[in-house]
Amino acid sequence: MTRVKNMEHIMKIEKLNYQLSKNQSYMVVLEWYKVTCKADGSGYYDVVKSPGERDKKDFPANMIRITLEMYWDDIIEKVKNHVLASGFQFQNKWINVGTAYKRLVEPLDIADYYRLHKDHGSYLSNVTRPNRHKVLEKWLNVKDQTCINGVTKVRNARIKFASLTEDSCFWAHIEEACKVLKVLQQEQDKRQAMNTQLKESLEKFEDYVWKMIKDRGIFVEVFLEGSSLMKWRQQYTHLQF
């Protein structure tokens, strides 16, 4: 009986490794898609958020996004139901791949949300943000806080900018800052107390961006001329308080 259980366990792990390898190949395709979008001068987030002539090119990327979504939802469900070995989710391999997935794909989820639901609530709300991203973030935080020997992990300062923006919700923060900016532009002639609070939220967002830049935890494509961040910055600079 023990041999049978061991064999089942080995087969289960082999199947997971095969699926992982397959999904990593999908990630490579998305990385290449990101490179092609850069040529448009705005980055893959803004291309997905405002599709146009690229619709046919964007379709495969969107299908991969959905495929990866189902894959990680399944992994998280297995962990939740104790189908996998205890501590499975804290193995370096799964932490690294899960984090890379979140940083690469969540911006596309955010773009899709604001493309379809731009007049709805914030993506950052606990109800709206997909559970898989919150869980993967939690796994990373737990791993970061405590090493195997119980020593707190210390990160070294970055020398180069990140290949993927570390805060995968970065674009959602931009979208919400754009909403605030739009309200202020419409209310310029009204010096109400509410406006002071809105301005403070924009200043807080600006501080958040500068910290990301200082820590080099941001991918350089956000500085492309046609990116959402640069459009926000241009409008913010010209807004007279």
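The values are calculated or read from the model by the stated rules, or taken from the named source; none is laboratory data. These numbers come from a predicted model, not from an experiment. A quick note on method: Cβ atoms are made from the backbone with ideal geometry, for glycine too, and the neighbour counts reach across all protein chains shown. Protein only, heavy atoms only, side chains kept; ligands, DNA and RNA dropped before computing areas. Shrake-Rupley method; radii C 1.70, N 1.55, O 1.52, S 1.80 Å.
Numbers at a glance
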| read-out | value |
| --- | --- |
| Flag if Leu116 is open to solvent by 90 Å² or more (accessible area, probe 1.4 Å) and either of a type in the set (Phe, Trp, Tyr) or at pLDDT below 90 (or both) | yes |
| Arg103 being at pLDDT 85 or above, in contact with an Asp or Glu (Cβ under 6 Å, 6 or more places away or on another chain), surrounded by 17 or more Cβ atoms within 10 Å (Cβ to Cβ) and within 21 Å of Glu175 (Cβ to Cβ) | no |
| Number of the condition not met by Leu116 [criteria: (1) under 29 Å from Phe223 (Cβ atoms); (2) in contact (Cβ under 8 Å) with a residue 24 or more places away in the chain] | (2) |
| Tyr123, sole failed condition from (1) surrounded by 10 or more Cβ atoms within 10 Å (Cβ to Cβ); (2) within 24 Å of Arg216 (Cβ to Cβ); (3) modelled with pLDDT of 65 or more; (4) not acidic (Asp, Glu) | (2) |
| Residue list for the stretch 217-241, restricted to those being over 20 Å from Ala39 (Cα atoms) and either touching an Asp or Glu at 6+ places or on another chain (Cβ under 6 Å) or open to solvent by 80 Å² or more (accessible area, probe 1.4 Å) (or both) | Gly217, Arg233, Gln234, Gln235, Thr237, His238, Gln240, Phe241 |
| Near pairs, Cβ below 6 angstrom, 6+ apart or cross-chain, from the stretch 47-66 (modelled with pLDDT under 80) to any residue that is part of a loop (DSSP other than H, G, I, E, B) and open to solvent by 40 Å² or more (accessible area, probe 1.4 Å) | Asp58/Pro51 |
| Test: residue in the stretch 79-94 that is open to solvent by less than 10 Å² (accessible area, probe 1.4 Å), at pLDDT 90 or above and of a type outside the set (Phe, Trp, Tyr) | no |
